[in-house]
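One structure below.
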Amino acid sequence: DPGQKLIETAFFDLGQYTAVSKFRSCEGHDFSGLNAQGDSESGRSMKHYLQARSDLVGSTGKLAVRAPFDGRIEMLEPDQRGHRLGIVNAAHPNWMLLFFHTDPASGLELGSTVKVGQTVGNGNLAGGSENFDVTLKWSPGGNSQQERWDSPILHLTDSVAADFARHGLTPDTLVVGKSVRDASPCHEFRHSTDNWTAVRQ
């Protein structure tokens, strides 16, 4: 089900961040492909960057990320900083939450099982980096096939959605619609306030 509400807890500490980039923004670099409906998209960022507070910029080991559901580590690949860490949902194995630039928690390896809310790693902001990123992958044919991208914000359970909304993070504030981006495509990728939503504390 491409509309499955499967994220059962906040997968990062909202108090540690000042802003989250919008799904389909022009932030970072082109990260596009098929959306959850199977439509092709291009020239946009189909993920969210998490902008750390100024006192956490450049840090490692401080920005905990958590399992959003019971699942298994099904991706653990070296990235430019840290690893790409993907957690597949135990009950709905076509879904994977994917963190980029993350150091896995001690003892976690490919195939490890994790429980909802468990700390699975920390964002890696080495070298003065300000943010790292996250997205949701849906694979109708299993997680090795037909990958499609969607915003985790669209798949929060009601209680988690209410928590995010208290911080100003909702589908309306964090997701640029496909038709809107199609009408105004990303001709360049650059840091701009238009790409971000502030985290209300």
Legend entry - Label-to-label distance, nm, for residues given as A91 and K62 (7 Å Cα→Cβ offset): 3.6
Inset, instruction - Please find, in a Gaussian network model of the chain (springs between Cα atoms separated by less than 10 Å), the residue of A91, A36, A183 whose mean-square fluctuation is greatest. - result: A183
Legend entry - Dipole magnitude of segment 16-67 about its Cα centre (Cβ charges: Lys, Arg +1; Asp, Glu -1), debye to nearest 20: 220
Inset, instruction - Could you please state how large a percent of the accessible area of segment 47-201 is carbon and sulfur, counting protein chains only and using a 1.4 Å probe? - result: 47
Inset, instruction - Give me the distance in nm between label points sitting 7 Å out from Cα along the Cα-to-Cβ direction at E147 and T193, one decimal. - result: 3.4
Legend entry - Förster-model FRET efficiency, 41 Å R0, A162 and S54, C-beta, rounded to 0.05: 0.90
Legend entry - Choice from G38, G123, G107 showing the highest fluctuation, given a GNM over the chain with Cα pairs closer than 10 Å: G107
Inset, instruction - Quick one: grab the alpha carbon gyration tensor of segment 96-149, order the square roots of its eigenvalues as a ≥ b ≥ c, and give me rounded if a/c is under 1.5, else prolate or oblate depending on whether a/b is larger than b/c. - result: oblate
Inset, instruction - Quick one: net charge around D13, please, counting Lys, Arg +1 and Asp, Glu -1 for every other residue with C-beta under 12 Å from its C-beta. - result: +2
Inset, instruction - Please report, to two decimal places, log10 I(q)/I(0) for segment 1-50 at q = 0.23 Å⁻¹ as given by the Debye formula with identical point scatterers on the Cα atoms and no solvent. - result: -0.97
Inset, instruction - Please give the contour-minus-distance gain from K178 to K5: 0.36 nm per residue of separation, less the Cα-Cα distance, rounded to one decimal in nm. - result: 60.2 nm
Inset, instruction - Report, in debye and to the nearest 20, how large the dipole of the chain comes out about its Cα centre when Lys and Arg carry +1 and Asp and Glu carry -1 on their Cβ. - result: 220
Legend entry - Rounded, prolate or oblate (a/c below 1.5 giving rounded, otherwise prolate when a/b exceeds b/c) for segment 34-140 by Cα gyration tensor: oblate
Legend entry - Sites H29 and S106, calculated FRET efficiency, Cβ-Cβ separation with R0 35 Å, nearest 0.05: 0.70
Inset, instruction - Could you tell me whether segment 90-201 comes out rounded, prolate or oblate from its Cα gyration tensor? Rule is a ≥ b ≥ c as square roots of the eigenvalues, rounded for a/c under 1.5, then prolate if a/b exceeds b/c, otherwise oblate. - result: rounded
Inset, instruction - Roll a 1.4 Å probe over the protein chains and send me the accessible area per residue for the chain in Å². - result: 44
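The values are calculated or read from the model by the stated rules, or taken from the named source; none is laboratory data. Predicted model only: the values in this text are computed from it and were never measured. All Cβ positions, even for glycine, are placed from backbone atoms using ideal geometry, and neighbour counts span all protein chains on display. Just so you know, the surface numbers come from the protein's heavy atoms only, side chains and all, with ligands and any DNA or RNA stripped out. Shrake-Rupley method; radii C 1.70, N 1.55, O 1.52, S 1.80 Å.
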